Amino acid sequence: MNNLLYDNLSVNELGHLTVSGHDTVELANEYGTALYVMDEDKLRENCRKYTRTMAECFPEGSSPSYASKALSFTGIYKIVNEEGMSVDVVSCGEIYTALRAGFPAQRMYFHGSNKTLADINFAMDNNVGYFVIDNMYELECVARCARERGIEQKALLRITPGIDPHTFEAVNTGQLDCQFGVPITEGLAFAQAAYREEGIELMGFHCHIGSQIFDFVPFCDAADMMFEFIRDVRNACGFETKVLDLGGGFGVRYVDTDPYIDVEENLRKLAEHINNVCAELDLTVPSILLEPGRSIVADAGLTLYTVGCVKSAEGCSNYVLIDGGMSDNPRYALYDADYTVMLANRAGEKADYKCTVAGRCCESGALIQENVMLPQPQPGDIIAVLTTGAYNYSMASNYNRLCRPAIIMVSKENVWVGVRREILEDLVKCDM
């Protein structure tokens, strides 16, 4: 039997995989496949690891800010709002979705490396609380739009600290040579310009070094560099930083060889490190923001598929074909991402059949996972791919004109539809 990775998963007396007590085979039968399943209880538990520990260890005003890019639909915003988190948004679409969910605009942080004037105006018209300003050109645009409204727009400046977190290159965002933010070597001029700019209420700074990071040291290194930068800004122009956003990036387990990250322990260690650094630099500890996304939703999700054809030929790989794939989970095609894959309807059986789980898209790279060990699959079996709550639905597409799956939310007491399954009419409703 596969390692189940997380304590909300189990195998029942029928040998079926369950999530929060719900039989995944029954979910597949009732709602169809491909199907995203999200455990609301697990999601809330993950939120509380951040909210409770940050309230305990960080200064007043500190908060986790959910990174919308990991998974964005109205139900998620309702949950993170109820759990007391802020949110990061990076587009008009994310802002609009959060607003439709009743999320307070003042607790939104608007990111993005190339905000258009339409984006800026939409955010200001809807009273988004903070802009995370990426560059000098954007600073001028945001300031001009704010002056036209007669407001002072609260802002953080994105700084790239030059930290290598030793993660996958595509999600490494803290190096100096990067499309995001202003290099720390040029940050002082950026800060001085923002501090003087009419229409901007400079609140502090932001950095983000990358994603899927299991080593605690890079976060401390980033904090060190940012606080030294904050000291230099204070000494140069007298600005006292009120907010420092250190981004996100805590890693999650996709396979049993991935290390376990104790979020609460790491937050306490980070708070202690920040206190020590600020004491050494004679700085008042500002409010601290962190941006968990993957570590909020990834392990709360799994995806269910139905097996169709099973192909075996001498001298070739064994292929297990499913009714989904790259269109609902492009991460293997993009990153060679690892996943734990199992048969949900035969979860207790010996896994001794080596195979490649492949999707239905017309791409040779449209795979879910290679070198998977399963019980000998049969047509009609239910495949479960674990830890798919982050960057699956949010990166899904209609490639090959496939309809995107539904998202089903489960808790110990309830099952509800978070996002309905697309139908064929949805595929042509924007066509002229």
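Based on DSSP loop calls and a cut-off of at most 14 other Cβ atoms within 10 Å, the longest stretch of the chain free of exposed trypsin sites (Lys or Arg not before Pro) is what? Longest site-free region, per DSSP loop and neighbour criteria: 1-349. Principal-axis analysis of the Cα atoms of the chain puts helix 187-196 at an angle of about 60° to the longest axis. Calculate for the chain the 222 nm mean residue ellipticity that helices alone would give, adding -39,500 (n - 2.57) per DSSP H run of length 4 or more and normalising by residue count, nearest 500 deg cm²/dmol. Rounded to the nearest 500, it is -9000 deg cm²/dmol.
Averaging the sequence gap over all C-alpha pairs within less than 8 Å and six or more residues apart, then dividing by the number of residues, gives the chain a relative contact order of 20 percent. Sorting the Cα pairs of the range 111-292 by distance into bins of 10 Å, from 0 upward, gives 9, 37, 34, 17, 3, 0 percent per bin. In terms of distances greater than 32 angstrom between alpha carbons, the cross-link table entries Lys49/Lys354; Lys49/Lys242; Lys154/Lys429; Lys69/Lys412; Lys154/Lys412 yield Lys49/Lys354; Lys154/Lys429; Lys154/Lys412. In the chain, excluding the sites themselves, the longest stretch lacking any of the GluC sites (Glu not before Pro) that are in a DSSP loop with at most 16 other Cβ atoms within 10 Å is 61-151. What FRET efficiency would be calculated for the residue pair Asp215, Glu272, taking the C-beta separation as r and a Förster radius of 22 Å, to the nearest 0.05? Using R0 = 22 Å, I get an efficiency of 0.80. Please report the net charge: other residues with Cβ closer than 12 Å to the Cβ of Glu138, K and R +1, D and E -1. My count for the surroundings of Glu138 gives -1.
Measuring spread by the Cα atoms of the chain yields a radius of gyration and Dmax of 22.9, 73 Å. On the beta carbon distance between Asp125 and Glu45, with R0 = 35 Å, the FRET formula returns roughly 0.45. For the pair Lys350 and Val417 in one chain, pulling the backbone fully straight at 0.36 nm per residue adds 20.8 nm over the alpha carbon distance. Counted over the range 111-292, the DSSP beta bridges are approximately 5% antiparallel.
Under 12 Å of direct C-alpha separation, and excluding same-chain neighbours fewer than eight residues apart, Lys42 reaches these aspartates and glutamates: Asp7, Asp299. Each residue, Asp338 and Ile151, gets one label point 7 Å from its Cα in the Cβ direction; the gap between the two is 4.6 nm.
Subtracting the Cα-Cα distance of Asp232 and Asp282 from their residue separation scaled by 0.36 nm leaves 16.8 nm. Approximating the spin labels as points 7 Å out from Cα along Cα→Cβ, the Glu198-to-Ala313 distance works out to 7.3 nm.
Just so you know, all these numbers are worked out from the coordinates, no wet-lab data involved. Only a predicted model underlies this, so the values are computations on that prediction, with no experimental measurement involved. Positions of Cβ are generated from backbone atoms using ideal geometry, with glycine treated the same way; all protein chains shown enter the neighbour counts.
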